[in-house]
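A short worksheet on the structure shown next.
The values are calculated or read from the model by the stated rules, or taken from the named source; none is laboratory data. Given the structure is predicted, the values throughout are model-derived calculations rather than measurements. A quick note on method: Cβ atoms are made from the backbone with ideal geometry, for glycine too, and the neighbour counts reach across all protein chains shown. With ligands, DNA and RNA removed, areas are computed over all heavy atoms of the protein, side chains included. Shrake-Rupley method; radii C 1.70, N 1.55, O 1.52, S 1.80 Å.
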Amino acid sequence: MGTSVPTAPDATANLADVFPSCLVALGAADDAWLRTTGLEARITLRPARSAIVVLVDGLGAGALAARAGHARWLAAGKRKLRSGFPTTTAAALSTLTTGRSPGEHGVVGYSGWNPATGAVMNLLSGWDDEVPADWFLARTLFSEAPELGVDPVVIGPARYRSSGMTANVLGGARYVPADSIPQRVDAALAETMSGRSLVYLYVPELDSIGHKNGWQSDRWTGALELLDGELARLDRAAASDVGIVVTADHGVLDVPDHANIAIDPLLLTDVIGVAGDPRCRQLTVAPGTDVRSLVGAFRARYGKKAYVASRDEAIAAGWFGTVSGAVVERIGDVIVVARGSWAFNDDRGLRDGEVPKRMIGQHGAMTDEETMVPLRLAGAFAQ
């Protein structure tokens with residue numbers, strides 16, 4: 001189509017490597033298991049009896065570096081990990097828990113197109129009433145852990161305990177509810193006192209604050225300070241043979257008002273489904289639409305503000321990793337990935353005079369602020 005699109009790095013450790021690497025460190029998995037499962041464990045970890053994986057929703061490596069003085073324990077690690085694409089929670093957590101790419105597990109964005117129903121589904125909160133029972137295409141590593149002699153545990157807020165997303169994306173683990181960060185740290189310590197466990201501790205607070213107030217806000221910095229103190233306590237109190245990994249599903253950047261673009265309605269004339277995030281739009285078009293021409297029109301209008309690709313181009317560039325046949329049609333025909341701090345909104349449903357509601361902190365695209373996340377190793381994994 002005349003314009004190249006960026007390719008995704010395929011030899012770089014990312015979220016898919018975290019759990020397999022932990023299982024290898026626990027002595028539960030080996031090279032033969034990795035070959036059999038087709039998984040990779042590119043994070044070298046020292047041996048341990050149990051592992052605690054702390055996933056901080058919305059903590060980018062860049063934001064952490066900018067606030068290093070408020071998070072001395074976290075910032076001391078210096079290492080980074082690539083999260084994957086798209087940089088959105090539903091896709092990233094699915095990659096973490098399965099060790100597979102979005103193109104394999106099937107969760108290709110915050111929301112996605114269902115070819116069977118011809119509708120866009122919310123893939124974060126819609127698992128209870130929108131998402132079909134067979135949508136999730138990969139087995140979680142929590143489901144495989146007991147077969148390897150490892151007890152899988154998830155620690156998170158009570159409100160997520162019985163959600164459909166938990167049943168699918170965190171399926172196979174025993175859920176321990178704990179509503180505050182200190183309570184979750186206490187629960188992780190209790191769960192690793194004995195035996196061989198893989199504990200996943202989820203921290204949603206920074207992401208929620210970032211969306212509403214931005215990562216540069218005092219509230220976000222205050223939450224980071226609290227988290228840093230509690231993770232330092234976790235490191236001090238954990239048994240000497242328990243390894244700790246702290247990472248994130250994605251980073252975040254603050255989008256100013258002027259950078260929230262309302263997509264030209266004329267460009268959406270043949271679009272029947274708008275999925276994804278404002279920073280990573282996936283557009284499904286009506287049958288018979290000239291996709292090549294539509295991609296060209298989007299590039300002509302927004303090419304300096306976004307990477308625009310057809311589905312075929314995005315798959316060839318490795319954006320979604322290896323893509324199985326069952327997943328291809330879930331990906332939009334046209335994908336608009338924001339560059340810089342831009343965001344792309346579909347405002348066609350607004351009434352005259354209605355002011356759209358926009359988030360300050362956003363993510364989903366390919367900037368370093370979104371794709372690069374911390375990798376802090378502690379406890380038995382300290383290096």
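Quick look at the numbers
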quantity: Subset of the stretch 327-349 (residues that are closer than 14 Å to Ile263 by Cβ, open to solvent by 60 Å² or more (accessible area, probe 1.4 Å) and in contact (Cβ under 8 Å) with a residue 60 or more places away in the chain); calculated: Trp342, Arg348
quantity: Single match in Leu124, Leu141, Leu148 (criterion: open to solvent by less than 30 Å² (accessible area, probe 1.4 Å) and of a type in the set (A, V, I, L, M, F, W, C)); calculated: Leu141
quantity: Within the stretch 248-266, considering residues that are within 17 Å of the chain's Cα centre (by Cα) and assigned to a strand (DSSP E or B), the one farthest from Val203 (Cα to Cα); calculated: Leu253
quantity: Some residue of the stretch 14-26 being assigned to a loop (DSSP other than H, G, I, E, B) and either in contact with a Gly (Cβ under 7 Å, 6 or more places away or on another chain) or of a type in the set (D, E, K, R) (or both); calculated: no
quantity: Boolean, Ala116 is farther than 30 Å from Ala382 by Cβ, open to solvent by 10 Å² or more (accessible area, probe 1.4 Å) and not acidic (Asp, Glu); calculated: yes
quantity: Residue list for the stretch 358-383, restricted to those being in a strand (DSSP E or B) and farther than 24 Å from Arg219 by Cα; calculated: Leu377, Ala378, Gly379
quantity: Odd one out for Arg299 among (1) part of a helix (DSSP H, G or I); (2) basic (Lys, Arg); (3) open to solvent by 40 Å² or more (accessible area, probe 1.4 Å); calculated: (3)
quantity: Top-ranked residue of the stretch 350-366 - restricted to ones that are open to solvent by less than 60 Å² (accessible area, probe 1.4 Å) and in contact with a helix residue (DSSP H, G or I) (Cβ under 9 Å, 6 or more places away or on another chain), ranked as nearest to Pro6 (Cα to Cα); calculated: Ala365
quantity: Strands (runs of 3 or more DSSP E) within the stretch 145-235 that include 2 or more residues among the β-branched types (Val, Ile, Thr); calculated: 151-156, 197-203
quantity: Flag for Asp10 being touching a residue at least 12 places away in the same chain (Cβ under 8 Å) and surrounded by fewer than 19 Cβ atoms within 10 Å (Cβ to Cβ); calculated: yes
quantity: Failed item in (1) on the phi < 0 side of the Ramachandran plot; (2) crowded, with 22+ Cβ neighbours inside 10 Å; (3) not in a helix (DSSP H, G or I), with Ala63 passing the rest; calculated: (3)
quantity: Candidates Ala92, Ala68 - the one that is surrounded by fewer than 24 Cβ atoms within 10 Å (Cβ to Cβ), of a type in the set (A, V, I, L, M) and more than 21 Å from Val24 (Cβ to Cβ); calculated: Ala68
quantity: Meets criteria (open to solvent by 50 Å² or more (accessible area, probe 1.4 Å) and in contact (Cβ under 8 Å) with a residue 12 or more places away in the chain) for Gly38; calculated: no
